[in-house]
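What follows is one structure encoded as structure tokens, with my remarks underneath.
Coordinate-derived values only; no laboratory data. A quick note: this is a predicted structure, and the numbers were derived from the prediction, not measured. Every residue, glycine among them, receives a Cβ derived from its backbone with ideal geometry; neighbour counts consider all protein chains shown.
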Amino acid sequence: MLQKQGALIATLGLAVLVFACGAGSTSSAGSAITFAAPVSQTGAFGQAEGLYTLQGYKFCVSTVNAQGGITFGGQSHTITLVTQDDQSVAATSAQIVDQFNDQGYKFILSPYGSGGTTAVAPVVERNGQVMADSNGADTAIFTHGYKSTFAVLSPSSTYVTTIIDALATMNPAPKSVAIIAASDGFSQHAAEKGAAEAQAKGMTVLPSTAAYSSSTKVAANTTDVSSALIALKGTNPDVIIISGHLNEAVAAVKQSSELGVKPKYGFAATVAPPTPAFITALGKSAEGVLGSTQWVPEISASDSIFGSAKQFLANFTNTYGWSPNQYPYQAADAAAGCEAMVLAIEKAGSTDPSAVRTALAGLNVDTFYGHIQFDSTGMNSTKPMYLIQIQKAAFVTVYPSNLATKPAVWPAMAA
Amino acid sequence: VSQFLQAAAYGLVQGGLLALVAVGFSLVWGILNVINLSHGALAVTGAYVAWLLNTHFGVDPFLAIPIVAVCLFAFGYAIQRGLINLVVNAPIFLTLLLTFGLSLVILNALQLAFTADDRSIETAYASQSFVIATVNIPYGRLAACLLAVLITGLLVVMMTRTRLGRAIGATGMDRGAARLMGIRARHVYALTFGIASALAGVAGAMIATVGSFNPTTTPTQLTFDAFVISVLGGLGNMYGALVGGLVLGVAESVGGLLLTGTWVNAIAMAVLIFTLIVKPSGLLGKAQYSGRVEV
């Protein structure tokens with residue numbers, strides 16, 4: 001009996017020795033690398049978009065660390081994620097990133113939203129930090145010649161144009177649209193491009209083409225869009241599009257009932273519909289609302305970290321308890337931004353911010369999120385956007401047609 | 001024309017909600033000569049009480065009003081009796097600082113307890129409306145508006161027909177003389193602040209029903225609205241807050257239609273400045289409040 005135990009111990013010891021030698025021959029444990037992110041955990045974005053972004057970052061870091069971390073120079077480096085709540089205030093985001101620099105944190109994952117990212121980008125530039133922008137889509141961010149900010153997501157110019165392109169393929173196709181736009185740069189830019197696209201597709205923009213910047217313009221993050229809805233009363237648009245974020249879109253759908261300003265076919269919005277909080281806030285009123293989105297799990301894309309888009313969805317929703325039918329796309333944006341930083345550090349083979357910046361600029365990879373390749377301004381401008389519709393409290397991909405899982409319920413408004 | 005009528009109607013019912021926010025603020029300012037910067041925080045506290053009752057016990061926000069009012073009355077009474085009474089004779093800047101600090105404490109406590117997330121109370125009826133001609137009147141805001149009218153009426157009855165109301169009025173006019181008549185000023189002040197807090201709480205419950213609220217941006221906006229409406233309506237008249245609220249609601253709604261929705265605060269200030277130039281005591285204000293005796 002004792003002999004058997006001794007043999008077992010010897011075998012186990014040998015196995016450990018062999019494993020240790022084997023591990024040593026590939027990579028040893030190197031120092032941890034810190035990714036720092038000023039993410040909204042309270043305030044206007046705290047309940048939804050900021051939370052999703054934070055979960056995306058955490059999921060990316062835990063997934064990479066579970067696979068041994070970032071490997072270069074024969075060593076594996078685990079990632080430490082440092083986050084701080086910016087309270088959904090852009091100026092606070094910038095202050096936090098300055099403090100990160102004082103603490104020696106050079107690799108920045110962006111805050112949620114264009115406002116925060118716009119405030120952070122010059123700070124990153126000044127401090128010699130590098131930022132992977134996961135959720136700041138305003139193209140204005142990329143007109144300043146910054147060299148250290150790289151956005152994985154599609155730019156703001158495509159948020160409303162994607163909705164218009166999808167509407168043009170529907171039956172019946174709308175003849176008129178109205179665009180309510182928040183006053184922030186992202187929403188205004190998206191609306192401007194959307195209005196032009198609508199005209200190009202032969203749709204009438206009500207009450208006028210430039211109304212998004214006057215009568216149907218509302219304060220960013222407001223919970224009262226009555227002035228814009230009253231301006232639309234009597235114009236009877238086929239579709240009302242909200243170019244904004246969660247608060248404005250929820251307010252528009254809610255107050256349209258109060259004011260009797262309902263579109264003939266349905267509502268569409270940027271950012272808000274593909275977020276679980278939109279359905280929570282509106283309940284049945286959310287049914288049929290269309291929303292442009294940065295990512296859908298139906299795309300045929302994969303990588304070695306997260307696997308395929310569908311695997312990412314399954315693993316992410318399992319980890320954070322989301323229903324696979326109500327997944328926050330912002331988390332995929334965030335994970336993709338984090339992944340871009342990981343791949344750039346591996347490619348640079350160093351944690352020197354300048355080398356990582358150069359590696360990011362030359363990144364050309366396929367991921368679960370789609371293709372990531374930055375143009376000279378730092379935008380991932382070739383990535384398309386998609387359209388979902390809320391059907392029976394689930395996000396259903398309806399555009400483009402080759403990715404659609406179900407046909408759109410159209411017209412979406414009950415007669 | 002239809003848009004103008006809709007904006008005016010929506011502004012009127014929205015104005016009623018604003019009046020509900022302002023009536024307590026105006027009462028405290030008129031009687032205690034305290035500009036209560038924690039008024040918005042008290043309103044949001046009321047919103048959370050109603051939200052908790054609705055979320056955990058399914059209590060309809062309108063049925064929750066008595067509970068909210070009692071909770072906030074007790075809270076307000078305690079604050080005035082234990083804190084603000086200590087400095088009520090001090091220069092107005094000290095009471096401003098104290099109520100500002102109080103607001104910060106309340107809001108930070110709310111943020112710790114509930115986070116800064118937006119909340120709202122979902123009901124089947126609040127966002128529905130009925131139509132008169134082409135004008136839609138939303139049920140939720142109309143109910144809040146009628147509540148404001150009812151509460152203002154009750155407040156007038158209380159102030160003019162009851163011993164308590166006359167004691168409050170007398171203390172507001174001349175504290176020294178009121179004391180000589182046997183009125184316990186400290187108790188009357190605490191009652192006044194308690195009533196104002198209860199009204200703020202009820203307003204908060206209504207805001208939670210027809211819209212949404214959070215402990216970061218909502219209180220500031222409510223205190224701002226209450227300040228503008230009180231000055232606009234005039235201190236010392238219970239109807240002042242009601243009229244001020246309705247005027248401001250219509251001005252913001254029609255102004256938002258004619259300009260854009262991003263101009264509402266500028267419109268509010270423009271209306272206030274214009275009124276103060278034309279009638280410095282406010283729309284329904286009484287001159288006696290500027291010459292009252294503080295002993």
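Calculate one ³J(HN,Hα) per residue across region A:59-73 by plugging θ = phi - 60° into the Karplus curve 6.51 cos²θ - 1.76 cosθ + 1.60, and present them in order as whole Hz with x for glycine and proline.
My calculation for region A:59-73 gives 5, 4, 5, 5, 5, 5, 5, 5, 8, x, x, 8, 10, 7, x Hz in order.
How far is it, in nm, from the label point at A:Ala66 to the one at B:Leu96 when both lie 7 Å from their Cα along the line to the Cβ?
5.7 nm
At a Förster radius of 51 Å, what calculated FRET efficiency corresponds to the Cβ-Cβ distance of A:Val365 and A:Asp102, to the nearest 0.05?
0.95
Filter A:Lys201/A:Lys264; A:Lys217/A:Lys383; A:Lys264/A:Lys406; A:Lys254/A:Lys392; A:Lys262/A:Lys392; A:Lys310/A:Lys383 down to the pairs with a C-alpha to C-alpha distance above 25 Å, please.
A:Lys217/A:Lys383
Can you give me the angle between helix B:39-57 and the longest principal axis of chain B, using Cα atoms only, in degrees from 0 to 90, rounded to the nearest 10?
60 degrees
If you take the Cα atoms of region A:272-372, find Rg, then find the Kirkwood Rh from the mean of 1/r over all pairs, what is Rg/Rh?
1.07
In degrees from 0 to 90, rounded to the nearest 10, what is the angle of the helix A:90-102 Cα long axis to the longest principal axis of chain A?
20 degrees
A:Asp303's amide H: which non-local residues (gap 5+, or another chain) put their own amide H closer than 5 Å, with H modeled 1.01 Å from N in plane and none for Pro or chain starts?
Close amide H contacts, sequence-distant or interchain: A:Ser308, A:Phe368.
Looking at the P(r) of chain B, how many percent of alpha-carbon pairs lie beyond 27 Å?
Tail fraction, whole percent: 38.
What does the convex hull of the alpha-carbon atoms of region A:123-279 project to on average, in nm²?
If you wrap the Cα atoms of region A:123-279 in a convex hull and average its projections, you get 9.7 nm².
Viscosity 1.306 mPa s, temperature 10 °C: give me the Stokes-Einstein translational D for region B:99-150 in µm²/s, with Rh taken as the Kirkwood radius over C-alpha pairs.
The Stokes-Einstein estimate is 113 µm²/s.
Helix-derived [θ] at 222 nm for chain B: sum -39500 (n - 2.57) over DSSP H runs of at least 4, divide by residue count, nearest 500?
Calculated from helices alone, the mean residue ellipticity at 222 nm is -24000 deg cm²/dmol.
Under the Kirkwood approximation for Rh and a Cα-based Rg, what ratio Rg/Rh is obtained for chain A?
Rg divided by Rh gives 1.05.
Calculate the mean, over all residues of peptide A:254-265, of how many other protein chain Cβ atoms lie within 10 angstrom of the residue's Cβ.
5
Which ³J(HN,Hα) values in Hz, rounded to whole numbers, follow from the phi angles of region B:67-78 under the Karplus curve 6.51 cos²θ - 1.76 cosθ + 1.60, where θ = phi - 60° and Gly and Pro get x?
Those phi angles translate into 5, 4, 4, 5, 4, 6, 4, 4, 5, x, 4, 5 Hz.
Among bridges DSSP assigns within chain A, what percent are antiparallel (round to 5)?
Once the DSSP bridges in chain A are tallied, antiparallel ones form about 35 percent.
Note the direction-averaged projected area, equal to a quarter of the hull surface, for the Cα convex hull of the protein assembly as shown, in nm².
38.5 nm²
Could you work out Rg/(2.2 N^0.38 Å) for region B:56-97, with Rg from alpha carbons only?
Expressed relative to 2.2 N^0.38 Å, the Cα Rg reads 1.69.
Looking at region A:34-149, what % of its DSSP beta bridges pair antiparallel, to the nearest 5?
If I count the DSSP bridges inside region A:34-149, around 20 percent turn out antiparallel.
State the antiparallel share, in %, of DSSP beta bridges confined to the protein assembly as shown, rounding to the nearest 5.
Beta bridges within the protein assembly as shown, antiparallel portion: roughly 40 percent.
Between B:Met173 and B:Val87, what length comes free when the chain is fully extended (0.36 nm per residue of separation minus the Cα-Cα distance, one decimal in nm)?
Taking 0.36 nm per residue and subtracting the Cα distance, the gain is 29.1 nm.
Between A:Ser323 and A:Thr78, what is the FRET efficiency for a Förster distance of 30 Å, r being their Cβ-Cβ separation, to the nearest 0.05?
E between A:Ser323 and A:Thr78, to the nearest 0.05, is 0.45.
For region B:141-234, restrict the atom set to alpha-carbon positions and state the Rg and Dmax in Å.
In Å, with Rg to one decimal and Dmax whole: 15.8, 47.
Which ³J(HN,Hα) values in Hz, rounded to whole numbers, follow from the phi angles of region B:250-264 under the Karplus curve 6.51 cos²θ - 1.76 cosθ + 1.60, where θ = phi - 60° and Gly and Pro get x?
Ordered by residue, 3J(HN,Hα) equals 5, 4, 5, 5, 5, x, x, 6, 6, 9, 9, x, 7, 9, 4 Hz.
Partner chain Cβ atoms within 10 Å, averaged over the residues of B:253-265 - can you pull that number for me?
For peptide B:253-265, the averaged partner shielding equals 6.
In what order do B:Leu96, B:Leu199, A:Leu109, B:Leu102 fall by count of nearby beta-carbon atoms within 10 Å, going from fewest to most?
B:Leu96, B:Leu102, A:Leu109, B:Leu199
Just add up the charged neighbours of A:Glu258: K/R +1, D/E -1, any other residue whose Cβ is under 12 Å from the Cβ of A:Glu258.
Neighbour charge sum, excluding A:Glu258 itself: +3.
Could you work out how far apart the two model spin labels at B:Leu5 and B:Met181 are, taking each label as a point 7 Å from the Cα in the direction of the beta carbon, and quote it in nm?
5.0 nm
Taking the Cβ-Cβ separation of A:Ser300 and B:Phe274 as r and a Förster radius of 60 Å, what is the calculated FRET efficiency to the nearest 0.05?
Taking R0 as 60 Å, the efficiency between A:Ser300 and B:Phe274 is 0.45.
At a threshold of 8 angstrom on Cα-Cα distance, excluding pairs fewer than six apart, so keeping six or more, what relative contact order does region A:81-204 reach in percent?
Relative contact order here is 20 percent.
Stokes-Einstein D for region A:371-415 at 20 °C, 1.002 mPa s, Kirkwood Rh over Cα pairs, in µm²/s?
For the chosen part, D equals 169 µm²/s.
In degrees from 0 to 90, rounded to the nearest 10, what is the angle of the helix B:2-32 Cα long axis to the longest principal axis of chain B?
Value to nearest ten degrees: 20.
Can you give the convex hull volume of the alpha carbon atoms of region B:1-155 per residue, in Å³?
142 Å³
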